[in-house]
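Notes to accompany the following structure.
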Amino acid sequence: MKSNSLEKILKLLGAGLYSGCVALVVEAENRHQVVALLEELGIEWYDHVQFMALDSETAIDLALESIDGDLLLVDGLSKIGPHNQEAYALRTFLDVRRNTAGKTIIILDPDGYRFHFSDSDAPFYLFCDFIFESDIS
């Protein structure tokens, strides 16, 4: 993914075109590169950028009440189950954040997107806008 494509996403998110949250669907082999670029570019567009890593062992690695960044990057949603308690807690937190002008980008792989955003019983179903890496020019 090119940095100018990610800049467009950050610009559109900041301008309010997206709902305050966007899911960026990235192939697993590109995830680390995309996260690093987003962190680097985010600092140029936002005053305070925070990164939250999720995994199946510790789930949420950052206390939700400690998050106050203008831009929050969430990576690893694909690693927790769509009906896991952490998924529900994160969804609730991001919903409040979205309604108080916080911006969030969720980075996940295609399988994670399918599990979390396409299942009508999952807490992230139709939660926010989404962009597939392959669709970005």
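Using DSSP, restrict attention to beta bridges with both residues in the chain and report what percent are antiparallel, rounded to the nearest 5. Roughly 10 percent of the DSSP beta bridges within the chain come out antiparallel.
Place a label point 7 angstrom from the Cα of ALA36 along the Cα-to-Cβ direction, then list the residues of segment 94-137 whose backbone nitrogen is under 18 Å away. Backbone N within reach: 107-108. In summary, the convex hull built on the alpha carbon positions of the chain has an orientation-averaged projected area of 7.4 nm².
Among ASP129, ASP55, the ranking by other beta carbons within 10 Å of each residue's beta carbon, starting with the fewest, stands as ASP55, ASP129. Estimated from helical segments only, the mean residue ellipticity of the chain at 222 nm is -11500 deg cm²/dmol, where each DSSP H run of four or more residues counts as -39500 (n - 2.57).
In debye to the nearest 20, how big a dipole does the chain give about its Cα centre with +1 on each Lys and Arg Cβ and -1 on each Asp and Glu Cβ?
380 debye
Across segment 9-14, computed HN-Hα scalar couplings (Karplus, 6.51 cos²θ - 1.76 cosθ + 1.60, θ = phi - 60°) run 4, 4, 5, 5, 5, x Hz from first to last residue, x flagging Gly and Pro.
Could you work out which residue, out of SER19, SER78, SER118, moves most in a Gaussian network model of the chain, that is, has the largest mean-square fluctuation with Cα springs under 10 Å? Of SER19, SER78, SER118, the most mobile in the Gaussian network model is SER118. Between segment 74-120 and segment 12-40, the alpha-carbon centres lie 13 Å apart. Database remark: amide H of PHE51 closer than 5 angstrom to the amide H of LEU73 (H placed geometrically; neighbours at sequence offset of 5 or more, or on other chains; Pro and chain starts carry no H). Contact order for the chain, expressed relative to its length and based on alpha carbon pairs under 8 Å spaced 6+ residues apart, stands at 34 percent. Ordering ALA101, GLY81, GLY69 by Cα displacement along the dipole of segment 64-103 toward the positive end leaves GLY81 in first place; charges were set at the Cβ atoms of Lys, Arg (+1) and Asp, Glu (-1).
Quick note: the coordinates plus some simple rules give every number you see, no bench work behind them. Remember, it's a predicted structure, so these values are computed and weren't measured experimentally. Glycine also receives a Cβ, built like all others from the backbone with ideal geometry; neighbour counts cover every protein chain displayed.
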